[in-house]
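Each reported figure results from applying straightforward, stated rules to the coordinates on display, with no laboratory input. The structure presented is a predicted model; accordingly, all values stated were derived computationally and were not measured. Here Cβ is always computed from backbone atoms with ideal geometry, including for glycine, and neighbour counts include all displayed protein chains.
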Amino acid sequence: MMDWVKTVCLVLWAFTFNSEADDFKEQALKLMADTPLIDGHNDLPWQMRSLFNNQLNMVDLNKLNTTHTNIPKIKEGHLSAQFWAAYVPCDTQYKDAVRQTLEQIDVIHRMCHEYPEVFKFAASSQDILDAFEQNKTASLIGVEGGHSIDSSLGTLRTMYQLGVRYLTITHSCNTPWADNWLVDTGSEPEVHGGLSEFGKQVIWEMNRIGMLIDLSHVSEKVMNQVLDISKAPVIFSHSSAYSICNHKRNVPDDVLLRVKEKRGIVMVNFYNDYVTCKQAANISDVADHFDHIKKVAGSSIIGFGGDYDGVTRVPEGLEDVSKYPDLVAELLRRKWSEDEIRDALGRNLLRVFSKVEEVRDHLNGTKPDDIPIPLKEVQNPCRTDFGYEAKSSSTCIKSFYPLVLVLSLLSKLL
Ligand SMILES: [Zn+2]
């Protein structure tokens, strides 16, 4: 008799629980139908490089199933706008970083051309809304890592002309003008104490041209310096909360408060290692980051920055881009209001982007910064010095000159 009662109770509980879950999912989908979900960081372009050497002609994004991202998953996940990362590894620094980055920009444009019924190239806050109206995924470009501009403001401006709308100040390496997050772990030496003078020029030029400043991957000093000097709000395109998982890629509470003050945004990363500081994580662990950021700084600074296809481990329940509605449902279950959800889905990013555009328009008429980085700060064997002083031999030859001298002396001695 008791067993029979137990079974009925269990069935009733399961039924109530499931129908409650269904209700939240339904409510999530309703919200996602009226507000675009904008994700700050996806590395599908890097997958195109590493799996196919950017030979998009060999790929069918409707059928590709080895990645977190494909067209059916995008549709199921109601992914309305995506900043696609034009990422190239730090190994390319001082080598072919600019060429490789241009090729990643090219592959993103090609994705849009190849699937015009799915993707709509976007370069403004209004473009995101227009794509949403047309039921397409607004496709924006973010360059991930300051090494990609090779210490050149001209290259930064040219990338803007090509449609790039954010630059992550560093990836996981120092540039000749900014320190990266590894400095805070002690595994890399601090070189600039944050930003160099040229680093500040980069920030102000980004303000002037209307490029979003992305602080994911930088050292804490850089975060604070940029928050001090930027004329526009900043973004963290894919970082989570440090208080929940003490990883230096995450954002500490005091910085969350400063981001709030500046009306910026932190787009939560789903990578297990940043979510739980362990190899395993689940959807509820990710929601804990959303809750924490909301508790510390309010829902007006939160966004989604999944980092799909850029990481090897993703949480249970958030296996690919089709799962965003489940995370929204989880937030609803945690009593987030519909307005708070709409903020996190896309309204916050749209606000930040519009403000960045407003600052650009306000600075319209100011001249481009054409003061180059000091030559001594970019001495490396693969950089020539044309334009600096009188044209002479290349830096390459100069920097090898002492070595050549020593070798020739040695050969005379032997
Ligand atoms: Zn990253």
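Cβ-Cβ distance below 7 Å, separation of 6 or more or different chains: which pairs start in region 220-242 with a residue that is on the phi > 0 side of the Ramachandran plot and end on one that is within 15 Å of the ligand (Cβ to nearest atom) and part of a loop (DSSP other than H, G, I, E, B)?
Pairs that qualify, where the first residue is on the phi > 0 side of the Ramachandran plot and the partner is within 15 Å of the ligand (Cβ to nearest atom) and part of a loop (DSSP other than H, G, I, E, B): there are none.
Among S172, S148, which is the only one that is crowded, with 24+ Cβ neighbours inside 10 Å, within 16 Å of the ligand (Cβ to nearest atom) and not hydrophobic (A, V, I, L, M, F, W, C)?
On the way: S172 fails: crowded, with 24+ Cβ neighbours inside 10 Å.
Sole residue among the options that is crowded, with 24+ Cβ neighbours inside 10 Å, within 16 Å of the ligand (Cβ to nearest atom) and not hydrophobic (A, V, I, L, M, F, W, C): S148.
What are the pairs with Cβ atoms under 6 angstrom where one residue, in region 19-36, is part of a helix (DSSP H, G or I) and the other, located anywhere, is among the basic types (K, R)? Sequence gap at least six, or different chains.
Filtered contacts from region 19-36: F24/R333.
Quick check: anything in region 169-179 of a type in the set (D, E) and within 24 Å of D307 (Cβ to Cβ)? So that I can check it myself, show each step before the final result.
From region 169-179, those of a type in the set (D, E) are 179; that's our starting set.
Then keep just the ones that are within 24 Å of D307 (Cβ to Cβ); that gives 179.
Yes: one or more hits.
Residue-wise test of (1) on the phi > 0 side of the Ramachandran plot; (2) touching a residue at least 40 places away in the same chain (Cβ under 8 Å); (3) more than 15 Å from the ligand (Cβ to nearest atom).
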{"site": "L56", "(1), (2), (3)": "no, yes, yes"}
{"site": "V59", "(1), (2), (3)": "no, no, yes"}
{"site": "L64", "(1), (2), (3)": "no, no, yes"}
{"site": "H68", "(1), (2), (3)": "no, yes, no"}
{"site": "I74", "(1), (2), (3)": "no, yes, yes"}
{"site": "G77", "(1), (2), (3)": "no, yes, yes"}
{"site": "F83", "(1), (2), (3)": "no, yes, no"}
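Pick from G264, G305, G310: which is within 16 Å of the ligand (Cβ to nearest atom) and either crowded, with 24+ Cβ neighbours inside 10 Å or of a type in the set (S, T, N, Q) (or both)? Spell out how you get there, then give the answer.
On the way: G264 fails: within 16 Å of the ligand (Cβ to nearest atom); G310 fails: either crowded, with 24+ Cβ neighbours inside 10 Å or of a type in the set (S, T, N, Q) (or both).
Sole residue among the options that is within 16 Å of the ligand (Cβ to nearest atom) and either crowded, with 24+ Cβ neighbours inside 10 Å or of a type in the set (S, T, N, Q) (or both): G305.
Taking region 214-232 as the region of interest, how many residues are under 13 Å from K355 (Cβ atoms) and crowded, with 24+ Cβ neighbours inside 10 Å? Outline the logic, then answer.
First, pick out the residues of region 214-232 that are under 13 Å from K355 (Cβ atoms): 230-232.
Those still in the list that are crowded, with 24+ Cβ neighbours inside 10 Å too: 232.
Within region 214-232, residues that are under 13 Å from K355 (Cβ atoms) and crowded, with 24+ Cβ neighbours inside 10 Å number 1.
For region 267-277, which residues satisfy the criterion of being part of a helix (DSSP H, G or I), touching a residue at least 40 places away in the same chain (Cβ under 8 Å) and surrounded by 24 or more Cβ atoms within 10 Å (Cβ to Cβ)? Please lay out each step first, then the result.
Applying the first criterion (part of a helix (DSSP H, G or I)) to region 267-277 yields 272-275.
Of the ones still in play, those that are also touching a residue at least 40 places away in the same chain (Cβ under 8 Å) are 272-273, 275.
Within region 267-277, V275 is the sole residue that qualifies.
Within region 181-198, can you find the residues that are touching a residue at least 40 places away in the same chain (Cβ under 8 Å) and either more than 16 Å from the ligand (Cβ to nearest atom) or touching a His at 6+ places or on another chain (Cβ under 6 Å) (or both)?
Here is the first cut: in region 181-198, the ones touching a residue at least 40 places away in the same chain (Cβ under 8 Å) are 181-182, 184-185, 196, 198.
Matches in region 181-198: W181, S196, F198.
Out of everything in region 64-96 that is surrounded by fewer than 22 Cβ atoms within 10 Å (Cβ to Cβ) and of a type in the set (A, V, I, L, M, F, W, C), what residue ends up being farthest from the chain's Cα centre (by Cα)?
Residue satisfying both the conditions and the ranking: L64.
Sort through K323, K295 and tell me the only one that's on the phi < 0 side of the Ramachandran plot, outside any loop (DSSP other than H, G, I, E, B) and crowded, with 20+ Cβ neighbours inside 10 Å.
Numbers: K295 fails: crowded, with 20+ Cβ neighbours inside 10 Å.
Selected residue: K323, the only one of K323, K295 that is on the phi < 0 side of the Ramachandran plot, outside any loop (DSSP other than H, G, I, E, B) and crowded, with 20+ Cβ neighbours inside 10 Å.
Kindly provide the set of residues from region 314-338 that are more than 17 Å from the chain's Cα centre (by Cα) and either within 16 Å of the ligand (Cβ to nearest atom) or without any contact (Cβ under 8 Å) to a residue 40 or more places away in the chain (or both), ordered by number.
E316, G317, K335, S337
Taking the conditions exactly as written (buried (at least 18 other Cβ atoms within 10 Å of the Cβ), under 30 Å from L61 (Cα atoms) and not acidic (D, E)), does G317 satisfy them or not? Even if it seems obvious, please write down each step before you answer.
Numbers: buried (at least 18 other Cβ atoms within 10 Å of the Cβ): no; under 30 Å from L61 (Cα atoms): yes; not acidic (D, E): yes.
Against the criterion (buried (at least 18 other Cβ atoms within 10 Å of the Cβ), under 30 Å from L61 (Cα atoms) and not acidic (D, E)), G317 does not qualify.
Has region 57-71 got at least one residue that is part of a helix (DSSP H, G or I) and farther than 20 Å from Y324 by Cβ?
So in region 57-71, the residues part of a helix (DSSP H, G or I) come out as 57-58, 71.
Add one more test, that the residue is farther than 20 Å from Y324 by Cβ, and what stays is 57-58.
Yes - at least one qualifying residue is present in region 57-71.
Any idea which of F270, F236 is within 16 Å of the ligand (Cβ to nearest atom) and in contact with a Ser or Thr (Cβ under 6 Å, 6 or more places away or on another chain)? Write out each step before concluding.
Details: F270 fails: in contact with a Ser or Thr (Cβ under 6 Å, 6 or more places away or on another chain).
Sole residue among the options that is within 16 Å of the ligand (Cβ to nearest atom) and in contact with a Ser or Thr (Cβ under 6 Å, 6 or more places away or on another chain): F236.
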